[in-house]
Each structure stands twice: as structure tokens, then as C-alpha cells.
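This report refers to the structure that appears directly beneath it.
The values are calculated or read from the model by the stated rules, or taken from the named source; none is laboratory data. Remember, predicted model here, so these are calculated numbers, not experimental data. Cβ: placed from backbone, ideal geometry, glycine included. Neighbour counts: every protein chain shown. We work out accessible area using only protein heavy atoms, side chains counted, and drop any ligands, DNA or RNA first. Shrake-Rupley method; radii C 1.70, N 1.55, O 1.52, S 1.80 Å.
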Amino acid sequence: MLLAGVGVLAPVLALLGLAFQSSAGHWTHLLEYVLPHALVQTVLLLVGVGAVATALGVGGAWLVTAYDFPFRRTLSWALLLPLAVPTYIVAYAYLDILHPIGPVQGAIRWLLGYDSPRDFRLPDLRNLPGAILLLGLVLYPYVYLTTRSMFATQAASLLEAARLLGHGPRSAFFHVALPLARPAIAVGLSLVLLETLNDIGASEFLGIQTLTVSVYTTWVSRSDLAGAAQIALLMLLMSLMMIAAERHGRRQLRYSGGRRSHPVQPKRLRGTAAWIATALAAWPIVIGFLVPAAYLLIQSAERLLQEGLPSPHLLQAGLNTLSVSLMATLITVALGLIVAWSARIMRRPAPWQQALPRLATLGYALPGTVLAIGLLFPLMGLEHGLVVIRSWLGLDTVGLILMGSPIVLALAYAIRFMAISVGSIEAGLTRIAPSMEQAARLLNETLNGTLRRVHLPLLKPALATAALLVFVDSMKELPATLLLRPMNFETLATWLYGEAARGSYEEGALAALGIVLAGLAPVILLSRVQTRKTH
């Protein structure tokens, strides 16, 4: 558990040291020429994406909870499908779909009687409103998932009391249902904002100079590591402020649900109103998942029919993705099990021991670019130590062991996604009655024996869930991979990034399709869990 906590804390301390080592002139240059524009763009993007995701997530959750209409049950889980598509893939797909000579604008010009893009073209998608819309359509399921569970478990008696006091359906929603759901909305919104701050691919594809893009260009394009660390420090502060605001909001909005009551029963809609509700629930799914998924399928099929099997380089990128994601999954789940199990068995933990599990899960709040810069110096220190050891043993000291191998990526993924592993395993441990551990102790079983014979067999579903979520998130991770990968090491995410940068969409579509298909697995898992909770 101490190792996991130190693993998260070390990058943060290294980042602080690196940021404050540079001269005052560095700060002056950033404050004058880089940060004002990047900070404004980032804040506007966060506000816009947060508003779109909240509106779609809360609206969709209330619609499928409070009303009954055609295909409601199917749409209630299908609203999670955009989670399977990373933001950079949606941007990649729509840039080609809505290209001036693409299929959509070509069909519109044909219908209107125009022959050339010079005569008619839609507004360019490469702008801030376009980025806000696309990211909001992909990230709203975070708000939908948490809010839907809250709406589904609210007592119907509260809404009935509101109606007896003269409130109509709309007034009851805004004065009763929505205030009670604010803690859940805050949780989902904080995840949306953290994912938006972490994004690099969609922002760069769409021409938005966010702080994350600025970190990447400052480090890679300008070779200014100190400047990149200073921008990353600002991103870290923004992440911590968002987490603090979310937790403060949840503390302020706690409430007592009173005695248990029957949940909200959906009101049956008929005629035109029913089909309007169906259309409202379906359109985020169509735009956020079905259209980009169909595009990737068509592009991939055309590429395979025209040129046959994928290139060897793409196949190697796929193998690299699977291997590093599997390595990260094993490390993350093992450390998550240690952290969660240690927290359970400690009878009278010291304050620092109580803080370690929470510290170990803070890695998810670190954007990938921040984590990459923070890990650089600790890893270089370890690399230097390994060189000294190899020299002492008389071994060859040429080459890098950590920085020159995928191990560094696996470590970065483990730190970033530790919260997923710990959360899933802690949830599984709460379902194991303490009496089972007490019975094992009465039978003179050791702690390790209790873990092996009692906890692990009962934790198999939680461990499988944690492994699946970590594996897929590792496959999709782009910012940390771009900055920490070894030379000539490609994953599907970095391959897609490179193809989009070169304007090549055929091979990139195959890589994107592989990521989306892998992303469907946790979405199906989440939909099954949600169905059990709400029906």
C-alpha cells in the first residue's frame, strides 16, 4: 500500500521541483505568450463541455426514468454507448465525414443543386463550438450513469407530495428530483471535466490550443521541458480544484432519504409525444456512437477490400497495445488488491495509513501529460541507479532498461488507473461479511490464508471487472503514451494520432475500430449493472 501511495506522490513532487527550478524568465514568457490563450481556451472548453454533458446526461436520465415510450428499455442502456468511443476517435471520424468534399456536404450540395465546395460548404468543424459539441456528445454518459441511478432510486412519495402541493411535472422535477440528484450530477460532471482536461487528440485535431496541447507542443516541438512542467503544474492545480469542488458540493448536499418507499414509476406516453421522447433519447446515441462507428466500419471494410490485410506496422501496433495493456492490468489489479485488502484488515490504522488508500487513487485526477512529465525525473533516477548496479556487476551499461521499454508505459497506466482497480475491489470487499474473516481466524487461519481461501474466491467478479476496465482504458490512453513511449514504439492510439496528423484515414480507421470494439466490453458490463439496479 505504501508503494502505491509513493507511486502517485513521486510524480507530483518531481513536477513541483522541475517547475520551480527554472528561471523567472520562463514564467514571464509563459504568462505573456502561452498561458493567457491556452487557459482561456481550456476554461471555455471545460465550461461548454460540462454544460452540454450535463444537459444531455440529466435530460436523458430523467426521460428514461420518468416516462415510458417505445424502445425505452433499449435506449436506457444504449445511452451509454458513446463511452466506447474515445474523444479523439470521434473528432477523427467527423473531420472526414463533414469534410467539404466528404459524403455529407456532397449530398447536401447535390440536393441544393451546387457543383463545387466553392459554391456551398458547411461551417468548419475545427473551432471551439465544434469541439464542445463533439466532446459533450461523447462524455455525457458519465453524468447519465450516475444521475440515472439516483433518479431510479428516488422515492416516488416525494414527487407525489410535490404534486399535492400544486407542483406540475416540470416544477416537481426542478424543485424536488433535480436538487436530490445534485450529488450524483456533481460526481459525473467532475469525471467529464477531468476527461476533457486530459484530452489531447480531439483538441489538437479540432485546432483548440488547450493547456494539454500546450504541454505537448512545448515539450516535444520546442524541447522546453521546464516550460512544459510549469504548464502541467497549472493543469494539476485545476484538477485538484475540480475534485475539491466536487467533494465539497457532495458534503453540502447530503440528505436523508427517510423510510424506504417505492421508486418512481414511469408515466406512459402515447401518440406523438411518445415518438418525440424516443427521438430525443435516440439522437445522442446516433451522433455520439452510431455515425462514427458506421464510418469506421465502412472505411475499414474499404481498406481491407482494396489492399487486403492490414500493414505489418499496424499489426505490430496492435500487438504492442495488447502487451502493454495486459502488463498494466496485471500491475494495477495486483496493487489495487493490496491497497483495498490492507485497508480492510487494519484494525486501528494510524492517520497516515488511513490517507494512503485515498492517495493511491488520486492518479486518475492527474492528466496524462502531467503524469508523464512528473514521472520523467523519478524514472531517470531509477535508470541511473540501474546503470550503477550494472557497472558494479560488470555488465554492459549501454541502453536504457526502463525508458527504453514498454515498462514505463505500464507503470504510468498503473498510476493513472489505480482508482478504478481500488474502487472495484473495495466494492467487492464490502459484499463479504466480516463474519467470514472472523470464522477463518477462529479456525487458526493466517491473514494470507484468509486472503487466498476466502477473499480471492469471492472477489473473482470484482477482480474481473477491475481488470476489464483497466485494460480498456490502457488501450485508449493517448496523452501519456505519446510522451512516454520508447522510440519506434506504436500503439493503436498513437498510430491513429499519427495517421490523422498525416491526413491518412484508411489505416487509421482500422486502428480506431479496434479501440472502439474493445471499448464496447466495459459499456456492456456497465449496462448490465445499471439494468439490475434500475429494473
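Quickly rank 130-141, 291-302 as a protection proxy: mean count of other C-beta atoms within 10 Å, highest first.
On the way: 130-141: 25.8, 291-302: 18.0.
Highest-to-lowest ranking by the protection proxy: 130-141, 291-302.
So between ARG121 and SER405, what do we pick up on full extension, going 0.36 nm a residue minus the alpha carbon distance? Spell out each step's value before the answer.
Details: separation 284, 0.36 × 284 = 102.24 nm, distance 4.68 nm.
Difference between extended and current length: 97.6 nm.
Considering the options PRO522, ALA412, THR446, tell which one lies farthest towards the positive end of the dipole of the chain, charges being +1 on Lys and Arg and -1 on Asp and Glu at the Cβ, about the Cα centre.
THR446
State, to one decimal in nm², a quarter of the convex hull surface area for the C-alpha atoms of region 365-442, i.e. the direction-averaged projected area.
Working: hull surface 34.9 nm².
Its average projected convex-hull area is 8.7 nm².
Roughly what percent of Cα-Cα pairs across the chain reach past 38 Å?
Details: 48027 of 142845 pairs.
The calculated P(r) of the chain puts 34 percent of pairs beyond 38 Å.
Starting from the residue with the highest accessible area, list PHE174, PHE289 in decreasing order, probe 1.4 Å. Present the calculation step by step, with values, prior to reporting the outcome.
On the way: PHE174 110, PHE289 25 Å².
Result of the area sort, largest leading: PHE174, PHE289.
Using label points projected 7 Å from each Cα along Cα→Cβ, tell me how many nm separate ARG452 and SER323, to one decimal.
3.2 nm
Is the shape of region 29-124 best called rounded, prolate or oblate, per the rule: a/c under 1.5 gives rounded, else a/b larger than b/c gives prolate, else oblate, with a ≥ b ≥ c the square roots of the Cα gyration tensor eigenvalues?
Values: a/c = 2.55, a/b = 1.09, b/c = 2.35.
The shape class here is oblate.
Can you sort LEU379, LEU330 by 1.4 Å-probe accessible area, starting with the largest?
Values: LEU379 10, LEU330 115 Å².
Of LEU379, LEU330, the descending order of accessible area is LEU330, LEU379.
Mind ranking TYR413, TYR497 by accessible surface for me, highest first, 1.4 Å probe?
Result, largest first: TYR497, TYR413.
In whole percent, how big is the carbon plus sulfur part of the accessible area of region 50-179, probe 1.4 Å, protein atoms only?
Values: 3740 of 5770 Å².
Carbon and sulfur: 65 percent of the exposed surface of region 50-179.
So how much slack lies between PHE20 and GLU302, counting 0.36 nm per residue of separation and subtracting their Cα-Cα distance, in nm?
Details: separation 282, 0.36 × 282 = 101.52 nm, distance 5.19 nm.
Gain on stretching PHE20 to GLU302: 96.3 nm.
Given R₀ = 60 Å, FRET efficiency for LYS267-ARG390 by Cβ-Cβ distance, to 0.05?
Details: r = 71 Å, r/R0 = 1.19.
Efficiency, from the Cβ-Cβ distance: 0.25.
Taking 22 Å as R0, compute the FRET efficiency from the Cβ-Cβ separation of LEU382 and SER223 and round it to 0.05. Each step should come with its number before you reach the end.
On the way: r = 23 Å, r/R0 = 1.04.
E(calc), rounded to 0.05, equals 0.45.
Given a Förster distance of 25 angstrom, what is the FRET efficiency for ALA427 paired with MET241, based on the Cβ-Cβ distance and rounded to 0.05? Please report the intermediate quantities before stating the final value.
On the way: r = 27 Å, r/R0 = 1.09.
Calculated transfer efficiency: 0.35.
Compute the signed sum of charges (Lys and Arg +1, Asp and Glu -1) over the other residues within less than 12 Å, Cβ to Cβ, of ASN320. Numbers along the way, then the final one.
Values: positive: ARG485; negative: GLU490.
Result for the local shell: 0.
Counting only residues 5 or more places away or on other chains, whose amide H sits under 5 Å from the amide H of TYR67 once H atoms are built in the peptide plane?
LYS267
For the chain, return all DSSP H helices satisfying: extent of Cα atoms along own axis at least 20 Å; mean Kyte-Doolittle hydropathy at least 0.0. Could you put the intermediate results ahead of the total?
On the way: long enough: 2-21 (28 Å, 2.14); 35-66 (45 Å, 1.67); 128-153 (37 Å, 1.25); 178-198 (29 Å, 1.35); 225-252 (40 Å, 0.76); 271-285 (22 Å, 1.23); 291-307 (24 Å, 0.42); 312-345 (49 Å, 1.32); 368-392 (35 Å, 1.36); 460-476 (24 Å, 1.02); 506-534 (41 Å, 0.86).
Going by DSSP H runs, the hits are 2-21, 35-66, 128-153, 178-198, 225-252, 271-285, 291-307, 312-345, 368-392, 460-476, 506-534.
For the chain, report the accessible area per residue in Å² (1.4 Å probe, heavy atoms, rounded to an integer).
Here the per-residue accessible area is 48 Å².
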